[in-house]
Structure formats: C-alpha cells, structure tokens
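Chemist: Sharing a structure with you now.
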Amino acid sequence: MNKLILFLLLFGLFNHMTAQDKSDYTWLLGYNPNDSTGGFGGALIRFTTSGITLQYFDIPIDLGISAQICDQNGNNLFYSNGCKIINMSHQLMQGGDDINPGEMHDYWCNTGDEHDYNTHQGLIALPWPGRKDQYIMFHMGWYRRPVWPKYEYLRDFYFTHIDMAATGGLGEVVDKNHLLLQDTNLVDNLTAVRHGNGRDWWVVLPRGRSDTIYTFLVTPQGIQGPLVQETGVQSKVWSGTGGQIVFTPDGSRFIRVNETDGIDIFSFDRCTGLFSCPQQLPFPDPGIYYQASGAAVSSNSRFLYISPRTQLYQYDLWAPDIEQSKILLGEYDGFKSGQLSTTFYQQMLAPDGKIYMTATNGVRYLHVIHHPDSAGLSCDFRQHDLKLPTHHGFCVPNFPHFRLYDAPGSPCDTLGIDAPEGSVVPWVPSAGIALRPNPASEAVSVAFPICNGGRLQVHSIAGLQMETRLVTQQVEHVIDCSAWPAGVYVVSFTPAGACKPFSAKLVVAR
C-alpha cells in the first residue's frame, strides 16, 4: 500500500512537471532611456493561443542581450542582461547586482545608463530540476590581462542560483558568480537541451581554437561537469564571435554557425550528452569581414535557417546532401528604421511556431518566418514584419526548447515522466536515426547521417532478418513492411566509418 501511495504521488508530480511548458511565453526587449513617444524603453511580447500581444513598459536595464524565464502560466519571473537580475516587478532582485564581476563589468555595466554586458549568446536561465521554485542562470564573464604586446582575454563560466520563493515571490539571488570553468578560448555561445529522462538539462558551450565542446549536466543533486569531448572538428574561431549555436527542437542535432568555421552539424545523444557524426558546410556568404550570423530550426526539426547579415538561407536537414538543399529565401531589401539598416542577425523559434529575427542595429522591427516547417519560399519570410513599441537590436532572448521532454524508448527514459499528448518526440540516438512513421503499417522511412556509408538491417524481436541493404547515400530509405506480422522490430545501421553502430525500435501495427 505504501508503494502504491508513493507511486501515485510521484505520478502526480511528474504530470505536473510535464504540463505544457510556458517558460518562454513572454519576451522582454528594448533599451534605455524610457521614452515611449521616442520609441525607447521596454517592449513586451506575450505569446497566447490567439496570437501575440505587444505592450510598452518602463525598462530598468538595457536588454540588447538577455536571459529570461517565465512561470508555468507564461508570466515573467526574472530577467538579466549579464550585469543585473531584475524581478517580475521590474526592480533589482535582492542580491541581483554585480553579475559577472570584474573589469569588464565595471566598463560595460557601470556607465550610468544601465547598459548590458558585452556578450551575444553568453547567458541562459533554466528551472532547477527537482527543486521547486529554484532557478539557475548560467553566464559568461570575461576579462583581460596584459600579455605582451597587447592583452589576453579570458572567459569565466559561472552559475547563479535564484530562489523564487523568497521575498514574497519576488525572488532572491542566494548564490551568484559561482565559478564553474575558466578558459582563454571559451566562445561567446551558450545553449541548453533537456536530458532524455525528461527532467535534467545538458548545458553546452564550445571551445574556440580546438575541437572541444564542454557540457554540464544539471540534476536535482547539483551541477556535474564539465564533460570534455573532442569532436574531431577543429574550430578556428576565437572567443569573440558573431555566430549562434542551437539544438533542433527534437534535441537530435546540435548546430554551430559562424563566419570563420561555417556551419557544423553534430548528432547529439540526449542520454549520454555525446556528439557524433559531424557534418561541415561552408559559410553561405563568405568574404565579408565579421559577418553577424544567426541560426534557428523549424519546429519539425527539418529546416535550418541561417542569416548572414544580408541574406536568409534555408537548408533541409533531411536531404541526401544538406549543402545542395540550400535555398536563398531573401536578401536585405534596404529598409531602414530611422537611419539604421534592418539587416539580419539572431533568430529564435517562438512558442507560436514562427521564427523571429533581430537586426544588427537598434531598430523597431523584427523579421518573421511565418511557416518555418514549410520548404522553400512557402515558409513565408517577411522582412521588418513585426513593429515593436520600442527600439531593439542585436540579440533575441536566449531560450532552450522548453517543450522537449523525455525520449520515449530510450535507455534513459526511466523516471516515468511523460510528455503531454501531442508533444512526444521519438528517441533519436546519437548517430541521428529517425523512423517515420512509428508505429508503421505499410512502409517506414529511415533517415540518418551516412558516416561514409554502411549497412542497414531490420530484424524481428526473435532475430529473424527482415531487410538488409548497403547504404551509400544520406537519404530517407523507405522499407516496405506491409507483409510483416504486427510486432516489434529492431532497425540498425552499422557505419563503415568511425561512427558507432546504432539502432532504433520499430513497431508495426495494424
């Protein structure tokens, strides 16, 4: 009886945890000074089931860059620009000053205008798994030290702990600037993805001038790491970068883009935190010095969008040759907001399924991709489509994909946490295998990176071989299963190259 009561309590807790997550339903943008008639101050975007609403608010700090998070009703809890943490009442949170301490904090943050820290994708806020009302913000600071003949720049990677149950629900910073890592070559990119158990988080930051990616695992017990992985893909970029990193919404791929390295695509295992099967594509518009470039992926995890300042490109991540699938969707049309160009920069997939893009200047417009799940021009890209109450530029709020939950059928799906109906994402192992549909009745399409070719096989649960073929192209391989008995099958792929073998479970049902 005691075990039954415990199960019911846990079941109720897990169902509560996996209610449709609205942690990114409110976006706060804008700059000082507060002047609504002049178009300065705060711009609030709220996403609802009936569309979006826009409103002006008095902003206490610049939000050219930001980490933000909402409660489960989509209401803002706190936000930060890398200098300070502000509560839901738009006041300095208790203990929320002096984030990222040091020389650069003094230079950027203490200028009298509440400026933001000098980073572009260097902070992110997450709920602390298993800890009610507890949140964690990861952030990068940097400083310089004299090294003849100039300076050497170092980056510190910190976490800050916020207790939202304190001070009557306005929150309190209880531990800040807790140093996790220091490295001269940390790149100004930071993102996160939910662990395949549906509860924990992987936090990811690449290292420049190397083939290394650092990952940290956030669990109820604390922060583990760094896990240091040498991917075999050498990055040439230094610590300052105008690029962006992003996971696909299903968590199966990690993408890094910048003008120096081009586009790097890795498969990612949400159970182990390991990267594999790298693919490298050239930067789509080379030859222009310091091109700011953004990246986002459609909600179906198929289409990658890259925005190198004056162009927007779409890539099909399911195509046999991703580079050959590249389509130019649009070029900067010369539109200006005041005297400032509305050229292209960072992108973010929003709760409404659209992708919103900032400009490389402080303007009053966001560009919008209205149907990013659609191929080619049908994705409906519109420049300067959303007019904001105030000016905003450079960076989108840095959110993970909050509505990615457990990985059903994976080895790490052991906690009994189930995604809400309609939000289930099939498990995609580290090498990137995907089965569509699953369950299947007549045919199943199998897709994966080829890793220099290999052998595709299907066996019944009893070990009977149902299909075998040599694979030389990265395409979706269609297998006819119409004559197979209903049941469970194992689809496996053994690469000819360095990638490890991988497999997935297929259900045939009629």
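Chemist: I'd like the residue in the range 397-426 that is in contact with a strand residue (DSSP E or B) (Cβ under 9 Å, 6 or more places away or on another chain) and more than 22 Å from Lys22 (Cβ to Cβ) and, out of all such residues, is least open to solvent (accessible area, probe 1.4 Å).
Modeler: The qualifying residue least open to solvent (accessible area, probe 1.4 Å) is Gly409.
Chemist: Also, quick follow-up: If you check Thr215, Thr219, which single one turns out to be hydroxyl-bearing (Ser, Thr, Tyr), closer than 30 Å to Pro420 by Cβ and under 16 Å from the mean Cα position of the chain (by Cα)? First the steps, then the outcome.
Modeler: Numbers: Thr219 fails: under 16 Å from the mean Cα position of the chain (by Cα).
Criteria check complete, one pass: Thr215.
Chemist: Condition first: of a type in the set (S, T, N, Q), at pLDDT 95 or above and under 17 Å from Tyr315 (Cβ atoms). Can you find one or more residues in the range 364-374 that meet it? Please lay out each step first, then the result.
Modeler: Step one: filter the range 364-374 for residues of a type in the set (S, T, N, Q), giving 374.
Next, from what is left, pick out any that are at pLDDT 95 or above: 374.
So of that shortlist, the ones also under 17 Å from Tyr315 (Cβ atoms) come out as 374.
Yes, the conditions are met somewhere in the range 364-374.
Chemist: Do you know which of the residues in the range 39-66 that are touching a strand residue (DSSP E or B) at 6+ places or on another chain (Cβ under 9 Å), without any contact (Cβ under 8 Å) to a residue 60 or more places away in the chain and more than 23 Å from Ile124 (Cβ to Cβ) is least open to solvent (accessible area, probe 1.4 Å)?
Modeler: The qualifying residue least open to solvent (accessible area, probe 1.4 Å) is Thr53.
Chemist: Tally time: how many residues in the range 291-326 are in contact with a Leu (Cβ under 6 Å, 6 or more places away or on another chain), part of a loop (DSSP other than H, G, I, E, B) and open to solvent by less than 10 Å² (accessible area, probe 1.4 Å)?
Modeler: So the count comes out to 1.
Chemist: Got a sec? Which of Glu476, Glu442, Glu467 is open to solvent by 10 Å² or more (accessible area, probe 1.4 Å), touching a strand residue (DSSP E or B) at 6+ places or on another chain (Cβ under 6 Å), acidic (Asp, Glu) and at pLDDT 90 or above? Quick ask: steps written out before the conclusion?
Modeler: Numbers: Glu476 fails: at pLDDT 90 or above; Glu442 fails: touching a strand residue (DSSP E or B) at 6+ places or on another chain (Cβ under 6 Å).
The conditions single out Glu467.
Chemist: Also, I was wondering about something else. For the range 184-221, which positions are of a type in the set (Phe, Trp, Tyr) and open to solvent by 10 Å² or more (accessible area, probe 1.4 Å)? Give the derivation first.
Modeler: Filtering the range 184-221 down to residues of a type in the set (Phe, Trp, Tyr) leaves 201-202, 214, 216.
Result: Trp202, Tyr214.
Chemist: In the range 94-124, how many residues are under 18 Å from Thr160 (Cβ atoms) and touching a Ser or Thr at 6+ places or on another chain (Cβ under 8 Å)?
Modeler: Count: 7.
Chemist: Please verify whether the range 251-270 includes one or more residues that are part of a loop (DSSP other than H, G, I, E, B), touching a Leu at 6+ places or on another chain (Cβ under 7 Å) and at pLDDT 90 or above.
Modeler: Taking the range 251-270 as the starting set, the residues that turn out to be part of a loop (DSSP other than H, G, I, E, B) are 251-252, 259-261, 269-270.
Filter once more, so that each one left must be touching a Leu at 6+ places or on another chain (Cβ under 7 Å): 251.
Now narrow it down to the ones that are at pLDDT 90 or above: 251.
The answer is yes, given that some residue of the range 251-270 is part of a loop (DSSP other than H, G, I, E, B), touching a Leu at 6+ places or on another chain (Cβ under 7 Å) and at pLDDT 90 or above.
Chemist: From (1) touching a residue at least 24 places away in the same chain (Cβ under 8 Å); (2) over 18 Å from Gly51 (Cα atoms), pick out the condition that doesn't hold for Ser378.
Modeler: Ser378 satisfies every listed condition except (1).
Chemist: Could you grab the pairs with beta carbons closer than 7 Å, sequence gap of 6+ or different chains, first residue in the range 319-346 and over 30 Å from Leu388 (Cα atoms) and in contact (Cβ under 8 Å) with a residue 12 or more places away in the chain, second one among the acidic types (Asp, Glu) and crowded, with 16+ Cβ neighbours inside 10 Å?
Modeler: Hits for this filter: Ile322/Asp316.
Chemist: Report, by residue number, each residue of the range 222-269 that is open to solvent by 10 Å² or more (accessible area, probe 1.4 Å), charged (D, E, K, R) and without any contact (Cβ under 8 Å) to a residue 60 or more places away in the chain.
Modeler: Within the range 222-269, Glu230, Lys236, Glu259, Asp261 qualify.
The values are calculated or read from the model by the stated rules, or taken from the named source; none is laboratory data. The structure displayed is predicted, hence computed values, not measured ones. FYI the Cβ positions are ideal-geometry reconstructions off the backbone, even for glycines, and counts take in every protein chain you see. Just the protein is used for accessible areas: all its heavy atoms, side chains included, with ligands, DNA and RNA removed. Shrake-Rupley method; radii C 1.70, N 1.55, O 1.52, S 1.80 Å.
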